[in-house]
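Following: one structure in structure tokens, then a few remarks.
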Amino acid sequence: MVNSKENLLENALSELQKVSGIIGLKDDYRKILEKPAQTLSTSFPVNMDDGTIEVFEGYRVQHNAARGPCKGGLRFSPEIDLDEIKALAMLMTWKTAVVNIPYGGAKGGVVCDPWKLSPGELNRMTRRFTYSIMSVIGPDSDIPAPDMGTNPTVMSWVMDTYSMLKGRTTLGVVTGKPLELGGSLGRTEATGRGVYLTMEEALRQKGTSCCNHVTIALQGFGNVGSNFARAAHENGGRIIAVADAYGGVFNPSGLNIPKLAEYAARHPRRSVQGYPEGDSIGNRELFELEVDVLAPCAMENQITLDNAPGIRASLVVEGANGPTTPAADDVLMDKGVTVVPDILANAGGVVVSYFEWVQGVSSFFWSEKQVTDALHDILVKAFAEVNKTRETYGLQSLRVAAMALAIQRVAKAIELRGIFP
Ligand code: GLU
């Protein structure tokens with residue numbers, strides 16, 4: 001994968017500046033939106049299995065709470081830094097606004113390699129980190145969820161730690177929990193499913209659909225990529241290449257996704273590397289394949305000035321957060337490539353997180369059909385509203401339109417609430 005050092009925060013701020021100009025946002029509101037409302041940085045010790053103590057760095061950033069409690073994932077990764085978390089928190093504010101769910105944006109994380117920690121170390125680290133951010137999280141203030149390097153088990157430990165310290169079980173403090181512990185049916189699949197649904201909406205505008213054997217190249221086969229692939233495969237799409245951080249596989253007649261998923265589940269890092277039914281392919285070649293759709297579902301800064309000119313897909317669907325740099329986005333636009341932006345394409349996860357939170361606080365649980373139908377309706381409506389915004393402002397880019405819609409919604413909430421005191 002591309003290991004680009006582009007600063008995600010600088011890019012997010014330049015997008016905000018650009019879109020604010022297009023919609024004529026008052027400077028007062030832009031100034032508020034440029035800064036996260038609250039930033040918590042913590043260093044905390046953890047007892048390791050070998051008897052030593054390791055000190056970890058962690059963050060929780062709340063960007064804006066004008067539309068409701070802050071919402072966003074927890075990332076466990078050796079690559080993260082505070083600027084990245086600030087940028088991702090801002091993206092969450094836009095994401096929750098564009099799909100119109102009553103939240104603001106947040107993000108958090110710990111600098112660590114979760115693959116290198118034993119289950120016991122991961123458990124103790126998660127619990128101590130939860131204790132460190134205890135003062136800012138809560139079901140009415142800031143609700144974490146899974147992100148890169150975290151999963152439902154980690155969310156159970158966050159929920160348990162918070163609940164033990166509060167003296168009562170608090171299901172609504174975190175989403176993405178296991179089903180047995182107040183999780184929602186359909187949450188695990190939600191982000192990938194949303195990527196599929198928004199891809200279908202974009203294909204529909206081009207007069208086609210996945211079922212017409214649309215060809216897809218996919219980067220990333222984690223929770224988002226694998227569930228996207230499954231949905232696309234079940235609906236007649238042909239995924240001809242999948243690559244991740246360790247390797248990739250190419251098969252022009254289409255990969256058998258359930259088989260590939262089974263194979264990856266047995267790999268130590270859940271990689272597709274070495275899958276026998278296809279040829280090996282690298283990330284660079286994958287991006288240049290002649291396909292209908294390119295789906296970057298891994299990490300940020302993957303489509304850059306370096307590889308954007310070689311992209312031959314006519315549709316890019318961003319399952320990852322921030323996979324395209326602003327300069328690369330301009331290249332894609334000049335080439336006439338449609339980009340379904342992250343804040344719309346991968347919003348399915350936070351939408352079903354919202355359903356999980358509603359179910360948790362009301363202790364009343366929905367069927368899988370209720371979840372998937374409601375997810376479908378929200379995403380289709382959001383896609384249509386983004387399109388309408390695009391027409392209103394005479395824009396070409398769905399990203400600019402999605403941001404315009406989101407920023408307007410957040411600014412309106414700030415205006416209606418007024419400034420305290
Ligand atoms: N981490 C996911 C995202 O970036 C989900 C956030 C959530 O469910 O709160 O959208």
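Every number in this text was worked out from the coordinates using simple rules, so none of it is lab data. Every value quoted in this text rests on a predicted model; they were computed, and no experiment measured them. Positions of Cβ are generated from backbone atoms using ideal geometry, with glycine treated the same way; all protein chains shown enter the neighbour counts.
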GLN17 paired with GLU288, simple spin-label distance in nm, labels 7 Å along Cα-to-beta-carbon: 3.3
Calculated log₁₀ intensity ratio I(q)/I(0) where the Debye formula runs over C-alpha points of the chain, q = 0.06, 0.14, 0.15 Å⁻¹: -0.22, -1.32, -1.52
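What Kirkwood radius, in Å to one decimal, follows from the Cα pairs of region 172-222? Don't jump to the answer; show the numbers that get you there.
Values: mean 1/r = 0.0756 Å⁻¹.
Result for region 172-222 stands at 13.2 Å.
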Tail beyond 23 Å, pair distance distribution of region 65-207 (Cα, percent): 37
Computed magnitude of the charge dipole of region 245-372 (debye, nearest 20; Cβ of K, R +1, Cβ of D, E -1): 460
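At a Förster radius of 56 Å, what calculated FRET efficiency corresponds to the Cβ-Cβ distance of VAL358 and ASP279, to the nearest 0.05?
Values: r = 46 Å, r/R0 = 0.82.
The value I calculate is 0.75.
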Extension reserve of the ALA327-THR153 stretch, reckoned as 0.36 nm per residue once the Cα distance is removed: 58.8 nm
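Throw me the Rg/Rh for region 33-147, computed over C-alpha atoms with Kirkwood Rh, two decimals.
In region 33-147, Rg relative to Rh is 1.01.
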Per-pair calculated FRET efficiency, R0 = 30 Å: HIS267 and ASN47 via Cβ, rounded to 0.05: 0.50
In nm, spacing of pseudo-spin labels at GLU391 and LYS166 (7 Å Cα→C-beta vector): 4.4
Cα Rg over Rh - region 99-170, Kirkwood: 0.97
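Contour minus end-to-end for TYR131 and TYR246, with contour as 0.36 nm per residue of separation and end-to-end as the Cα-Cα distance? Working shown, then result.
On the way: separation 115, 0.36 × 115 = 41.40 nm, distance 3.42 nm.
Computed gain between TYR131 and TYR246 is 38.0 nm.
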Fully extended contour minus Cα-Cα distance, from ARG204 to ILE32, at 0.36 nm per residue: 58.2 nm
Expected 222 nm ellipticity per residue - DSSP helices of 4 or more, -39500 (n - 2.57), all of the chain, to 500: -14500 deg cm²/dmol
Most mobile of GLY192, GLY73, GLY336 in a GNM of the chain (Cα contacts under 10 Å): GLY336
Translational diffusion of region 211-271, µm² s⁻¹ [Kirkwood Rh, Cα pairs; Stokes-Einstein; 10 °C; 1.306 mPa s]: 140
Residue of ARG312, ARG187, ARG269 that the Gaussian network model of the chain assigns the largest fluctuation, springs spanning Cα pairs under 10 Å: ARG269
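Find the relative contact order for the chain and round it to a whole percent, using C-alpha pairs within less than 8 Å whose residues are 6+ positions apart.
Computed over the chain, the figure is 17 percent.
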Most fluctuating residue given options LEU305, LEU332, LEU379, as computed from a GNM of the chain linking Cα atoms under 10 Å: LEU305
The chain: antiparallel DSSP beta bridges as a percent of all, rounded to 5: 45
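First select every other residue whose beta carbon is under 15 angstrom from the beta carbon of LYS412; then total the charges, Lys and Arg +1, Asp and Glu -1.
Charge balance near LYS412 sits at +2.
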Percent breakdown of C-alpha pair distances by 10 Å bin, ordered from the shortest bin, for region 277-331: 25, 60, 14, 1
Taking only Cα atoms of region 351-421, radius of gyration then Dmax in Å: 16.1, 45
Binned Cα-Cα distances of region 212-358, short to long, each 5 Å bin given as a whole percent: 2, 10, 20, 24, 19, 14, 7, 3, 1, 0
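Take the Cα gyration tensor of region 124-257, multiply each eigenvalue by 5, square-root it, and list the three semi-axes largest first, rounded to whole angstrom. Working shown, then result.
Details: eigenvalues 274, 51, 25 Å².
Ellipsoid semi-axes (Å, largest first): 37, 16, 11.
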Among the listed pairs LYS388/LYS412; LYS18/LYS86; LYS206/LYS381; LYS18/LYS95; LYS26/LYS412; LYS35/LYS166, those beyond 21 Å (Cα-Cα): LYS35/LYS166
Those aspartates and glutamates that a straight Cα-Cα span of less than 16 Å connects to LYS177, excepting residues fewer than 8 apart in one chain: ASP142, ASP147, ASP160, GLU189, GLU356, GLU368
